[in-house]
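Below is one structure, written out as structure tokens; the observations come after it.
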Amino acid sequence: MAEVRYENASRIYPGSEIPAVNELNLDIDDGELLVLVGPSGSGKSTALRMLAGLEFVDQGSVYIGENDVTLSPPQDRDIAMVFQNYALYPSMTVAANMGFALKQQKVPKAERMERVREAARILDLEEYLDRKPKNLSGGQRQRVAMGRAIVRKPQVFLMDEPLSNLDAKLRVQTRTELADLQARLGVTTVYVTHDQVEAMTMGHRVAVLKDGVLQQADRPRTLYSKPVNRFVAGFIGSPAMNLIDTDVTSEGVAIGTLGLTLDPSVSSALTAQDDREVTVGVRPEHLKLSTAGLPGEVTVVEELGSESFVHVTVEHRGEPLVLVVRDAGETTTTRGDIVHVDVAGPTHVFENGGARLGE
Amino acid sequence: MAATASRSEAVKKLQRREAWRRRIPLLPALLFTIVVTQVPFLFSLWYSLTEWKIVPPEPRQFVGVDNYVDLFDSRFFREAVWTSILMTVFAVLLSVILGTLIALLLDRKFFGQGFVRTLLITPFLIMPVVAGLVWKNQMYSATFGVFNWVIEGLGFDRIEFVSRWPLWSIVIVLVWQWTPFMMLIILAGLQGQSASVLEAARVDGASPRATFFQITLPHLRPYLELGVLLGSIYLIQVFDHVAVITGGGPGSTNVPYFVFQRSIGGGWQFGLASAYSIVVVVASIIIATFGLRVLSGLLEGEDPA
């Protein structure tokens, strides 16, 4: 078990000018589950593969524990990886798949079998040890891939979208099992996903990447309540935060006719910046339907049972704008209603370049 | 009840019509195949049960299975069978091994890959007779041959390759022609291997050697089997190379050439020759059956796990 450290690590693919991963600095604690999340092309998988040794590190360095592994081949890094398509060895049985790495390390057969059985017990795979991967279901294959990783007792687990080939229900179930397993084993884990819900639910900390640049690495709650920029604000949270471009006036900022009371730190930052235009962000649960406030027409009502999301078209700067508002599960609002929207919680303000203003 | 009965009648009629709609376009091809392969085969089968000499002309006589009995008694036939086996086994094995090695080299990216691949495939595209002539006259020949030019340049005596090693002279040309075929099959297999499986092996600490023998080779197994079986089916029928290079010289007469010698090649014993060819057909069918089974197993495919 060990810490992992990226120091100004960059990867520039041959023939490309723009780095796939650009000067990444990241410290991962011993036993931590860190999730790398971002849209496709954000460099999250590349960052993971740099740690695995499957991609070159063109600049900077990567450390596992005290060791600089920047130039080490994968087999010398003491890591185990779970691939998106599981990458099981098709010609080998489940047991042989799980014991393959130990066999390469010349672990005696008896000990090898013992460790494979133990991992199989943990993952509920004991009765499938003699099967070939093609005779397993998707969920079982996923568990074999996990088993192959845990049998090795490595310093670090690397997981590249390990749940994305499962169906939605199994994915949610496996997500919890995986997080639990990681906590029990206490092995430092780097987990890549494009699914922000997966990131938020599993990660001790979540690192958001965009275009190869690390945007923010924080605990899920901090990421949610204090996004450092417009991108993180829009990426984290489902449904997404309402992001409204608006002008700064002497009274502050407003959505349509609805004036916003701002945190003093934001107001002082606003005057100091003297920005003509800013972006205001409000999460759906921080808006409410009320008797007073900004009038608008309901266009869509998404009922989820425990809550519902009401899409309200309001007028802002003379143009229609859709705001998503969370409402109670048993809402009576329907399409076509005229409602009023009011702010009922914290707001976020981002400057023109996207960075957060104030605290 | 009457309504349901007529309904099921109607469904049956529709199914029959649908079945014929599928069959009709296949009929011309089927007829053609029967005319050019099955009818001559039946004639051969009939001839093989007769004694039929043309020079000097004699009336055709039905002799039952005598030809088959003679054939298995004949030392020359047994020698021809043995030559066929040696020729096929050596040519197939060597070309599979060479083809695998070349495919492994071609599977990595390098400058001019497409060009090199095209050059490597060329021998397979050359007509067997032409290949035989080229090798006989330009490579092996004691007078004009490239080999002897090199050997002489190195200060050794000229060697009559073809008369000294008749079987090997043919096997080498067969290997030269069939290596590209094997290479193509193996290359397809290699490119069908998932890149992440190889990456998983690297992360698991497997050496390149271990990766090849424990992961790549098992993955290639059906492709190797296919190559061996298709190669065997074709190479057991080799005629051109034998005719052109050695003309059936010592130890190089395989069964097809032997059949030729006994019939239109001068023996004029059509009944006996037909019996030989029937034996070859039966042997080929046995090999082909295995081949097709492997092929269909391959098409079902391994599940991308």
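The values are calculated or read from the model by the stated rules, or taken from the named source; none is laboratory data. What you are looking at is a predicted structure, and each value in this text was computed from that prediction instead of being measured. When we count neighbours, we look across all protein chains shown, and the Cβ atoms used for this are built from the backbone with ideal geometry, even at glycine. All accessible areas refer to the heavy atoms of the entire protein, side chains included, with ligands and DNA or RNA removed. Shrake-Rupley method; radii C 1.70, N 1.55, O 1.52, S 1.80 Å.
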- Of all residues making up the range A:213-263, the number that are among the aromatic types (Phe, Trp, Tyr), over 19 Å from A:Gly345 (Cα atoms) and without any contact (Cβ under 8 Å) to a residue 60 or more places away in the chain: 0
- Task: Could you tell me whether the range B:200-208 includes any residue that is of a type in the set (Ser, Thr, Tyr) and either away from chain A (no Cβ under 14 Å) or in a helix (DSSP H, G or I) (or both)?
- Result: no
- Taking the condition touching a helix residue (DSSP H, G or I) at 6+ places or on another chain (Cβ under 9 Å), open to solvent by 40 Å² or more (accessible area, probe 1.4 Å), more than 14 Å from every other protein chain (Cβ to nearest Cβ) and small (Gly, Ala, Ser), does B:Ala188 pass? yes
- Query: Within the group B:Ile151, B:Ile215, which residue is free of Cβ contacts under 8 Å to residues at least 24 places away in the same chain and either within 14 Å of chain A (Cβ to nearest Cβ) or of a type in the set (Gly, Ala, Ser) (or both)?
  - Reply: B:Ile215
- Restricting the range A:148-161 to residues that are in a helix (DSSP H, G or I) and surrounded by 24 or more Cβ atoms within 10 Å (Cβ to Cβ), the one nearest to the other protein chains (Cβ to nearest Cβ) turns out to be A:Arg148
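Quick grid of which residues meet (1) under 30 Å from A:Gln215 (Cα atoms); (2) not hydrophobic (A, V, I, L, M, F, W, C):
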{"position": "A:Thr279", "(1), (2)": "yes, yes"}
{"position": "A:Arg283", "(1), (2)": "yes, yes"}
{"position": "A:Pro295", "(1), (2)": "no, yes"}
{"position": "A:Val298", "(1), (2)": "no, no"}
{"position": "A:Leu321", "(1), (2)": "yes, no"}
{"position": "A:Asp327", "(1), (2)": "no, yes"}
{"position": "A:Val339", "(1), (2)": "no, no"}
{"position": "A:Asp342", "(1), (2)": "no, yes"}
{"position": "A:Gly345", "(1), (2)": "yes, yes"}
- Taking the range A:283-297, which residues are farther than 28 Å from A:Lys226 by Cα and not in a loop (DSSP other than H, G, I, E, B)? A:Pro295, A:Gly296, A:Glu297
- Item | Verdict on A:Pro74 being within 14 Å of chain B (Cβ to nearest Cβ), at pLDDT below 95 and either within 28 Å of the chain's Cα centre (by Cα) or more than 15 Å from B:Val203 (Cβ to Cβ) (or both) | yes
- Taking the options A:Tyr63, A:Tyr6, name whichever one is more than 14 Å from chain B (Cβ to nearest Cβ), open to solvent by 30 Å² or more (accessible area, probe 1.4 Å) and either part of a strand (DSSP E or B) or over 24 Å from A:Gln140 (Cβ atoms) (or both). A:Tyr63
- Condition check for A:Leu54: modelled with pLDDT of 95 or more, of a type in the set (A, V, I, L, M, F, W, C) and assigned by TED's automatic domain parsing to the domain that holds A:Asp160: no
- Query: For A:Gly329, are the conditions met, namely being of a type outside the set (Asp, Glu), farther than 20 Å from A:Arg230 by Cα and open to solvent by less than 70 Å² (accessible area, probe 1.4 Å)?
  - Reply: yes
- Message: For the range A:237-258, give me each residue that is part of a strand (DSSP E or B) and modelled with pLDDT of 85 or more.
- Response: A:Asn242, A:Leu243, A:Ile244, A:Asp245, A:Thr246, A:Asp247, A:Ala254, A:Ile255, A:Leu258
- Note on the structure: Taking the range B:195-220 and keeping residues in contact with a helix residue (DSSP H, G or I) (Cβ under 9 Å, 6 or more places away or on another chain) and either of a type in the set (Val, Ile, Thr) or over 13 Å from A:Pro73 (Cα atoms) (or both) leaves B:Val197, B:Leu198, B:Val203, B:Ala210, B:Thr211, B:Phe212, B:Gln214, B:Ile215, B:Thr216, B:Leu217, B:His219, B:Leu220
- A:Gly296 meets each of (1) surrounded by 12 or more Cβ atoms within 10 Å (Cβ to Cβ); (2) within 30 Å of the chain's Cα centre (by Cα) with one exception, condition (2)
- Lone qualifier among A:Gly281, A:Gly293, A:Gly318 - being touching a strand residue (DSSP E or B) at 6+ places or on another chain (Cβ under 7 Å) and on the phi > 0 side of the Ramachandran plot: A:Gly293
- Message: Looking for something within 14 Å of another protein chain (Cβ to nearest Cβ), surrounded by fewer than 18 Cβ atoms within 10 Å (Cβ to Cβ) and part of a loop (DSSP other than H, G, I, E, B) - is there at least one such residue anywhere in the range B:132-142?
- Response: no
- Could you identify the single residue in B:Val173, B:Val197 that is at pLDDT below 95 and at the interface with chain A (Cβ under 8 Å from one of its Cβ atoms)? B:Val197
- Message: I want to confirm something. Restricting to the range A:48-60 and keeping residues that are outside any loop (DSSP other than H, G, I, E, B) and within 14 Å of chain B (Cβ to nearest Cβ), which single residue is most open to solvent (accessible area, probe 1.4 Å)?
- Response: A:Arg49
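So that you can scan it fast, the table gives a plain yes or no per residue for (1) touching a Phe, Trp or Tyr at 6+ places or on another chain (Cβ under 6 Å); (2) closer than 22 Å to B:Leu198 by Cβ; (3) surrounded by fewer than 19 Cβ atoms within 10 Å (Cβ to Cβ):
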| site | (1), (2), (3) |
| --- | --- |
| A:Ser72 | no, yes, yes |
| A:Gln84 | no, yes, yes |
| A:Ala87 | no, yes, no |
| A:Asn97 | yes, yes, no |
| A:Pro108 | no, no, yes |
| A:Lys132 | no, yes, no |
| A:Gly139 | no, no, yes |
- Item | Sole exception among (1) open to solvent by 30 Å² or more (accessible area, probe 1.4 Å); (2) in a loop (DSSP other than H, G, I, E, B) for B:Leu230, by number | (2)
- Message: Take the conditions over 26 Å from the mean Cα position of the chain (by Cα) and either of a type in the set (Phe, Trp, Tyr) or surrounded by fewer than 10 Cβ atoms within 10 Å (Cβ to Cβ) (or both) and apply them to B:Phe124. Does it pass?
- Response: no
- Filter the range A:110-122 for residues that are surrounded by 19 or more Cβ atoms within 10 Å (Cβ to Cβ) and within 30 Å of A:His194 (Cα to Cα); the one that is nearest to the other protein chains (Cβ to nearest Cβ) is A:Ala119
- Item | Residue check for A:Val94: under 18 Å from the mean Cα position of the chain (by Cα) and either modelled with pLDDT of 90 or more or within 14 Å of chain B (Cβ to nearest Cβ) (or both) | no
